[in-house]
1. At a 10 Å Cβ-Cβ cut-off, how would you order PHE130, PHE157, fewest neighbours first?
2. Any idea how far the Cα center of the range 24-97 sits from the one of the range 108-175, in Å?
3. Sum -39500 (n - 2.57) across every DSSP H segment of at least 4 residues in the chain, then divide by the residue count to get the 222 nm mean residue ellipticity, nearest 500.
4. Please report, in debye to the nearest 20, how large the charge dipole of the chain is about its Cα centre when each Lys and Arg carries +1 at its beta carbon and each Asp and Glu carries -1 there.
5. The list (i) -0.78, -0.90, -1.24; (ii) -0.70, -0.81, -1.19; (iii) -0.70, -0.78, -1.04 gives values of log10 I(q)/I(0) by the Debye sum over Cα atoms at q = 0.13, 0.14, 0.17 Å⁻¹, and only one came from this structure; which label was calculated from it?
6. May I ask you to order 81-93, 98-110 by the average number of other C-beta atoms within 10 Å around their residues, highest value first?
7. Per residue of the range 52-59, in order, report the coupling 6.51 cos²θ - 1.76 cosθ + 1.60 (Karplus, θ = phi - 60°) as ³J(HN,Hα) in whole Hz, putting x for Gly and Pro.
Amino acid sequence: MKLFILCALSCCVVSVRALGLLGPGQWLVLNILECEDPEQYPMVFDAYRRKLNRTHDCFTGTFDSPYEVNSSYAIAVDVYKKMDGGFKFYQTIMDDCVCTFLMQHAKENIQRILSMSGVDPPDCPVKPGFYSVENFVMDYTELPLNGVYGTYEVVVFLTLDGRKMSCIKGHLLFENSDDDDEDDD
């Protein structure tokens, strides 16, 4: 039975890839937004994106926390995919340890952000306090190279014992990396 399920899933992945919905690409942060009712969260993120120059975006942001961020914190990312004129729920990504999750998926970016904000060493735990970063240039090449093409809204929660402690929202685009090559002709 497990072999049958594995074969069926493999066929689905091949079909999705053949339709041009899944494959190699590049991520881009389109926008960073405030979550609804941000005052309900005891830890406050504030960030925005702007053009640094013709080819690079940069991010400026602050993080204010009365608590130490350590391996006790979990992360939950609600992902909504743009389709049929709006964003529809797509999936939730969760990890029991925000520190491990961030280091696994964006280690160099996270270490550079922490260094720029004065966290020494640039790793968890992060002591309570106010942190700020200016003109951080994201290395998009560090992010996953394969995915489902489309525009997404993500709502990221930092949680402790099931309680939402912080929230930030963003719009992301995953586009076919071959599309860039066609523009260069």
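1. Exposure proxy ranking, most exposed first: PHE130, PHE157.
2. Between the Cα centre of the range 24-97 and that of the range 108-175, the gap is 7 Å.
3. Helix-only estimate at 222 nm: -7500 deg cm²/dmol.
4. Numbers: 15 positive and 29 negative charges, 108 e Å.
Here the size comes out at about 520 debye.
5. This structure yields the entry labelled (i).
6. Result, highest mean first: 98-110, 81-93.
7. 7, 7, 4, 10, 10, 9, 9, 10
The numbers here are math on the coordinates, done by the rules we state, and not lab data. All values reported here derive from a predicted model rather than from experimental measurement. Every residue, glycine as well, gets a Cβ built from its backbone with ideal geometry; the counts of neighbours run over all protein chains shown.
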